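Colleague: Pasting in a structure now, in structure tokens, and then I'll have a few things to ask.
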Amino acid sequence: MKAVVFDSGTLINLSLNGLLYVLEGLKKSFKGKLLITEQVKYEVIDRPMGISKFELGALRVKALLESGVLEMPESMGISSSLISSRTNEFMSVANKVLVFKGQPVQIVSAGEMSCLALSSELTKKGIDNIISIDERTTRVLCEEPRNLERILSAKLHQRLQTDISKLKMFSNFKFIRTTELVYAAFKLGLIAIDDKKALEALLYATKFKGSSISFEEIDVLKKM
């Protein structure tokens, strides 16, 4: 069994680019589960359903959930209440890593941490999984925690201090960005655009809708 855990950013990116339809084809090719948590569901379906500007996107994601393309943790025998509890654990630690003038700086959201919580529970069950997430902070927290201070100090324009002594729980996660997901969909022939410029357009479109990927990384993908 395999699984992809989706953060809200990836689903919003796909929706804004009119690419949510690729998830059905990816699921068939992947032959695994495409999962979202209750926290992500709230961010991409429940909350935007009450906002006229975002309602259509919410309905599109809701249709994927109702059709079974996207599934909840319960489909893997994992309760949403357990994920909520584990999410709080991850948030409690992550939001104390950076300190400014003696006060902890909040750097992550419940949606992102719920993805880590679900991934960790899947791993405990021996289920190979990867998290689809565009947000840079969470990936750096897990992959390069020592760079957090430099990156976020520059982003927030204030000097921060890092305490990475409690970050062991953030190791051993695997990530994929929307850009890389769409690249895979293109190579599998799942993109409904027949044009030699399609791949380049797809890669840039996902970058400009929130995928934290560099132009240099896009150039590498274009040549692969």
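Colleague: Whether any residue in the stretch 73-82 is aliphatic (A, V, I, L, M) and in contact with a Cys (Cβ under 9 Å, 6 or more places away or on another chain) is what I want to check.
Modeller: Restricting attention to the stretch 73-82, the residues satisfying the condition of being aliphatic (A, V, I, L, M) are 76, 78, 82.
Within this subset, residues satisfying the condition of being in contact with a Cys (Cβ under 9 Å, 6 or more places away or on another chain) are none.
No, every residue in the stretch 73-82 fails to be aliphatic (A, V, I, L, M) and in contact with a Cys (Cβ under 9 Å, 6 or more places away or on another chain).
Colleague: Right, here's the next one. May I ask you to list the residues in the stretch 29-46 that are farther than 16 Å from GLU112 by Cα and of a type in the set (Lys, Arg)?
Modeller: Those that are farther than 16 Å from GLU112 by Cα and of a type in the set (Lys, Arg): LYS31, LYS33.
Colleague: Follow-up question, since we're still on this one. Condition first: of a type in the set (Gly, Ala, Ser), assigned to a loop (DSSP other than H, G, I, E, B) and over 15 Å from VAL22 (Cα atoms). Now tell me which residues in the stretch 162-219 satisfy that. Show your work before the answer.
Modeller: Narrowing the stretch 162-219 to residues of a type in the set (Gly, Ala, Ser): 165, 171, 184-185, 189, 192, 198, 201, 205, 210-212, 214.
Add one more test, that the residue is assigned to a loop (DSSP other than H, G, I, E, B), and what stays is 165, 171, 189, 192, 210-212, 214.
The answer is SER165, SER171, GLY210, SER211, SER212, SER214.
Colleague: Cβ-Cβ below 8 Å, separation at least six or inter-chain, first residue in the stretch 60-88 and assigned to a loop (DSSP other than H, G, I, E, B) and buried (at least 20 other Cβ atoms within 10 Å of the Cβ), second modelled with pLDDT of 95 or more and of a type in the set (Asp, Glu): which pairs?
Modeller: Short answer, once both residue conditions are applied: ILE78/GLU121.
Colleague: Just one of LYS125, LYS101 is of a type in the set (D, E, K, R) and touching a Gly at 6+ places or on another chain (Cβ under 8 Å); which is it?
Modeller: None of the others qualify; the one that does is LYS125.
Colleague: Residues in the stretch 122-137 that are assigned to a helix (DSSP H, G or I), modelled with pLDDT of 95 or more and not polar (S, T, N, Q): how many? If you could, list the steps in order and put the result at the bottom.
Modeller: Restricting attention to the stretch 122-137, the residues satisfying the condition of being assigned to a helix (DSSP H, G or I) are 122-124, 136-137.
When the remaining residues are screened for being modelled with pLDDT of 95 or more, the result is 122-124.
Of the ones still in play, those that are also not polar (S, T, N, Q) are 122, 124.
Looking only at that region, the number is 2.
Colleague: I need every pair where a residue in the stretch 18-35 that is under 14 Å from LEU65 (Cβ atoms) has its Cβ under 6 Å from the Cβ of a residue that is of a type outside the set (Gly, Ala, Ser) and assigned to a loop (DSSP other than H, G, I, E, B), sequence separation at least 6 or different chains.
Modeller: Matching pairs, first to second residue: LEU23/VAL69; GLU24/VAL69; LYS27/VAL69; LEU34/LEU70.
The values are calculated or read from the model by the stated rules, or taken from the named source; none is laboratory data. Note that the structure is a prediction, hence the values are computed from the model and not measured. Note: ideal-geometry Cβ built from the backbone for every residue, glycine included; neighbour counts use all protein chains shown.
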